[in-house]
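The values are calculated or read from the model by the stated rules, or taken from the named source; none is laboratory data. Computed from a predicted model, the values in this text were never measured in an experiment. Here the Cβ positions follow ideal geometry from the backbone for every residue, glycine too, while neighbour counts run over all protein chains shown.
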Amino acid sequence: MSSRQILEFDFPYYKNTKDLIGRLRRQEIDGVIFRGFMPAEIAFSRARYLLANPDIMRNSYCPYGRMYARTLVGVGHQLDRYFDDAQVFKEECERLFDPEYNFQSHLENLLLKISGDRQVKVPQGPLGQFYSPVTIRYVQPGGAIAPHCESLYFEAKKPEFKHLHQLAEETTQFSFFMPMALPEAGGNLMLYDLDWEESNHNSNGQSSQANFRTFLASRELQTAPNQVNVAIGDLIIFDAGRIWHCVSEVRGTNPRLTIGGFICFSQDDRTVYYFS
């Protein structure tokens, strides 16, 4: 049985949500799902439109399918291209969603409710450019996202995070996403009963992702990953920097389409940053 604690709230999320971000940070809970964050028919209509018109937004191919906008992970020294994509994508995303259901506005309003009086912002780059608030990920049939922790990237002193680490502390990274379209089977978020610190401690000082995955594989023989069901229009936030997780193989003919990103904290703990 999973030891993970995932809370669930139904719209309009008034009760017991004031500092959910703080509870996540203190590891009192592992994640939270906001049911009905966006009406399912609205989220799916936007997915259907994008799937019918895949080139209306700037995108690139990745191992599991396609990425709309450029996520910060993996850009290396190409920050100019990242910030250019971020600006274009923000405008494209605002056009994709009706003003009444602007995803970024909905997200920011929710984060303000649950962040314990902290400010909520998209971080700005060294020249004042805004980071991408979110990205859209398309996992094609047969595709999957391999087991990982966000700490593999955030704590690795990679060049793309150099500026962000001047603003934010490195040890806490959450992920958030909302499904826009789901496959007939598979494509599930899977959480392991294995934390970053435990795998890091048992890796004999090695820092390679392959070594961590070897350790994870040995644990899988004892503990299967736990499926988390997030429906179209729901929003999940979970401790992705601490918890090993993956997305299971998409089965059938329909892809998995999600919109989301990452959350971290300013070094003075007064601001919650969200970006992708």
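Checking 65, 116 one by one, the residue that is in contact (Cβ under 8 Å) with a residue 60 or more places away in the chain and in contact with a helix residue (DSSP H, G or I) (Cβ under 6 Å, 6 or more places away or on another chain) is 116 and no other.
Examine segment 46-61 for a residue that is under 19 Å from residue 108 (Cβ atoms), of a type in the set (D, E, K, R) and modelled with pLDDT of 90 or more, and state whether such a residue exists. So far as segment 46-61 goes, yes, one or more of its residues are under 19 Å from residue 108 (Cβ atoms), of a type in the set (D, E, K, R) and modelled with pLDDT of 90 or more.
Restricting segment 141-166 to residues that are aliphatic (A, V, I, L, M) and within 30 Å of residue 101 (Cα to Cα) leaves a set whose member that is nearest to the chain's Cα centre (by Cα) is 145. Is one or more of the residues making up segment 3-10 farther than 21 Å from residue 233 by Cβ, of a type in the set (Asp, Glu) and either buried (at least 16 other Cβ atoms within 10 Å of the Cβ) or out of contact with any Asp or Glu (no Cβ under 9 Å at 6 or more places or on another chain) (or both)? Within segment 3-10 (the criterion being farther than 21 Å from residue 233 by Cβ, of a type in the set (Asp, Glu) and either buried (at least 16 other Cβ atoms within 10 Å of the Cβ) or out of contact with any Asp or Glu (no Cβ under 9 Å at 6 or more places or on another chain) (or both)), the answer is no, since none of the residues qualifies. Checking 105, 132 one by one, the residue that is over 23 Å from residue 40 (Cβ atoms) and either free of Cβ contacts under 8 Å to residues at least 60 places away in the same chain or surrounded by 21 or more Cβ atoms within 10 Å (Cβ to Cβ) (or both) is 132 and no other. Evaluated against (1) out of contact with any strand residue (DSSP E or B) (no Cβ under 7 Å at 6 or more places or on another chain); (2) among the β-branched types (Val, Ile, Thr); (3) part of a loop (DSSP other than H, G, I, E, B), residue 88 falls short on exactly one condition, (3). Any residue at all in segment 243-255 that is of a type in the set (D, E, K, R), surrounded by fewer than 17 Cβ atoms within 10 Å (Cβ to Cβ), farther than 24 Å from residue 21 by Cβ and at pLDDT below 90? Looking for residues that are of a type in the set (D, E, K, R), surrounded by fewer than 17 Cβ atoms within 10 Å (Cβ to Cβ), farther than 24 Å from residue 21 by Cβ and at pLDDT below 90, one finds none in segment 243-255, hence no. For segment 102-138, a residue qualifies if it is in a helix (DSSP H, G or I) and among the small types (Gly, Ala, Ser), and exactly one does: 105. One residue alone among 47, 43, 69 is over 29 Å from residue 265 (Cα atoms) and in contact with a strand residue (DSSP E or B) (Cβ under 6 Å, 6 or more places away or on another chain), and that residue is 47.
Any idea which residue in segment 11-54 is nearest to the chain's Cα centre (by Cα), counting only those that are basic (Lys, Arg) and crowded, with 17+ Cβ neighbours inside 10 Å? Applying the filter and picking the extreme gives 25. Across segment 139-191, the qualifying residues are those that are hydroxyl-bearing (Ser, Thr, Tyr) and not in a loop (DSSP other than H, G, I, E, B), and the one among them that is modelled with the highest pLDDT is 175.
Is it fair to say residue 118 is basic (Lys, Arg) and over 20 Å from residue 70 (Cα atoms)? Here the answer is yes, as residue 118 does meet what is asked.
Taking the criterion of being in contact (Cβ under 8 Å) with a residue 12 or more places away in the chain, of a type in the set (D, E, K, R) and not in a loop (DSSP other than H, G, I, E, B), the residues of segment 1-40 that qualify are 8, 10, 25, 35.
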